[in-house]
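The values are calculated or read from the model by the stated rules, or taken from the named source; none is laboratory data. Just so it is clear, the model here is predicted, and its values are computed rather than measured. Quick reminder, even Gly has a Cβ in these numbers, built from the backbone with ideal geometry, and neighbours come from all protein chains shown. To get the accessible areas, we keep the full protein, side chains included, count just its heavy atoms, and leave off ligands, DNA and RNA. Shrake-Rupley method; radii C 1.70, N 1.55, O 1.52, S 1.80 Å.
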Amino acid sequence: MFTRRHLLATAVAAPAILRFGIGTAHAATTLKISHQFPGGTIDKGDFRDRLCRMFAAEVSKRSNGDIAAEIYPNSSLIKTNAQFSAMRKGALDISLYPMPYAGGELPETNIGLMPGLVTTYDQGMRWKKEPVGKALSDFLADKGIILLTWVWQAGGVASRSKPIVAPEDAKGMKVRGGSREMDMVLQTAGASVLSVPSNEIYAAMQTGACDAGITSSTSLISFRLEEVAKSLTSGAGASYWFMLEPLMMSKAIFDKLPKNQQDILVAVGQELEAFGRKGAQDDDVEVAKVYEKAGAKVSALDAATVGKWRDIARDTAWKDYGAKTATAANLLKLASDVAA
C-alpha cells in the first residue's frame with residue numbers, strides 16, 4: 001500500500017529515474033502514459049498527473065526496472081479525443097481518460113457521466129465490486145481496454161456571469177456539459193451546448209463561445225477557469241455531475257506482457273484508488289477557496305437541487321441512453337441498483 005513514508009521515499013528516488021516518467025536505460029518494457037491535464041511532479045500539481053507519475057515510479061520499482069513509463073501530459077503525445085481509440089488499436093499504452101469522451105465511439109461509455117446517477121464517492125466506488133462494475137469492465141475488455149485505477153470526480157460549474165445552480169438558471173446560456181447525456185439535460189433546461197474537452201473550456205469561455213463550463217473540481221482549478229469566471233457552483237456538498245476518469249490501458253499491449261508484469265500493473269493501479277479519491281475530494285474543497293480568492297461568487301448545491309437535475313435526467317438522458325443498445329440498458333439498470 002502507499003504510505004506517506006513510501007511515497008516520500010519514492011519521490012526522493014524519482015529524480016534519478018524520471019524523464020517525463022521513468023528512465024528507459026535498463027528497461028525491457030517501456031510504456032507511454034498520456035493524459036490531457038497539466039504536468040507537474042510526483043508530489044505537486046494536478047493529482048491526476050501525480051497519480052500517473054506515482055504509478056510509473058511504483059511499477060518500475062516492483063519490476064526491478066523491467067517496466068518503464070514515460071508520462072506525456074497536456075495531450076502532448078496524442079490529442080485528447082484520440083487517446084481512447086489509440087489505446088484500442090494498441091497505438092497508445094495507457095491513459096488517464098475521462099470515459100465519456102469515448103461516447104462517440106462507444107455510446108455505452110457515457111454511463112461514466114450520467115447526470116444524477118452517481119451522487120456520492122461511496123456510491124461510485126461501489127460500482128467496482130458490484131455487477132455493474134464487472135459488466136462495464138467486461139464490455140471495455142471486449143473493446144480493447146483494461147481498467148487499472150477507478151477514479152471518480154465530482155464536478156461544479158464555472159460561469160462567466162450569473163451562477164448556474166438550479167436547472168432554470170441554465171436557460172439561454174451556452175454551456176459545456178461534458179457528455180452527450182449532460183448536454184441533453186442542459187438543453188431540456190433551456191441551454192445551448194458546446195462539446196469540447198475540459199482542456200479547451202478556458203479558450204471557449206475567454207472568447208465568449210461558452211458562457212459556463214461544467215467539469216471536475218480538479219479541472220476547474222488546473223485549467224485556471226477562475227481567471228475567466230465570475231461565478232462558481234461547487235459540488236463539494238452534493239452534485240449531480242460525477243465523472244469516471246480511470247487510468248486505463250490498451251488490452252492489446254497488456255496481453256503481450258508476461259504474467260508477473262501484468263500482476264504488478266493491476267496491483268499498483270488498484271492501490272492508487274485511495275489516492276485518487278482523496279485527491280478528488282480535496283479539490284472539491286479547494287476549488288471554492290481558489291474562486292473566492294479570485295473574487296468569484298461561490299454557490300453550493302443541496303440534495304433538493306440535485307434532485308431537480310436528476311428528475312430531468314431520468315426523463316431524458318437516462319431513457320435515451322438505455323435505448324441505445326442492450327449493453328447500455330443493462331449497465332443503466334445495474335448502476336441504478338447501486339444505492340447512493
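The table for this structure:
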| quantity | calculated |
| --- | --- |
| Of the criteria (1) touching a Gly at 6+ places or on another chain (Cβ under 8 Å); (2) closer than 18 Å to F84 by Cβ, which one M248 fails | (1) |
| Complete set of residues in the stretch 241-271 that are in contact with an Asp or Glu (Cβ under 7 Å, 6 or more places away or on another chain) and closer than 15 Å to G90 by Cβ | M249, S250, I253 |
| Hits in the stretch 87-99 - residues which are on the phi < 0 side of the Ramachandran plot and open to solvent by 10 Å² or more (accessible area, probe 1.4 Å) | R88, K89, A91, D93 |
| Complete set of residues in the stretch 143-178 that are surrounded by fewer than 24 Cβ atoms within 10 Å (Cβ to Cβ), of a type in the set (G, A, S) and more than 17 Å from P107 (Cβ to Cβ) | S161, A166, G172 |
| Selection count, the stretch 308-337, where residues are open to solvent by 50 Å² or more (accessible area, probe 1.4 Å), part of a helix (DSSP H, G or I) and among the hydrophobic types (A, V, I, L, M, F, W, C) | 1 |
| Residues (over 24 Å from the mean Cα position of the chain (by Cα) and surrounded by 13 or more Cβ atoms within 10 Å (Cβ to Cβ)) located in the stretch 293-307 | A294, A296, K297 |
| Within the stretch 278-329, tally of residues that are within 26 Å of S219 (Cα to Cα) and of a type in the set (D, E) | 6 |
| All helices (runs of 4 or more DSSP H) inside the stretch 211-283 with 3 or more residues being open to solvent by less than 10 Å² (accessible area, probe 1.4 Å) | 217-222, 259-271 |
| Among residues of the stretch 184-199, those that are touching a residue at least 12 places away in the same chain (Cβ under 8 Å) and open to solvent by 20 Å² or more (accessible area, probe 1.4 Å), counted | 9 |
| Qualifying residue in the stretch 182-193 (condition: small (G, A, S), within 23 Å of A303 (Cα to Cα), modelled with pLDDT of 95 or more and part of a strand (DSSP E or B)) | no |
| Residue match in the stretch 132-142 (condition: open to solvent by 40 Å² or more (accessible area, probe 1.4 Å) and closer than 26 Å to L186 by Cα) | no |
| Count - residues of the stretch 288-315 that are closer than 12 Å to V157 by Cβ and touching a strand residue (DSSP E or B) at 6+ places or on another chain (Cβ under 8 Å) | 7 |
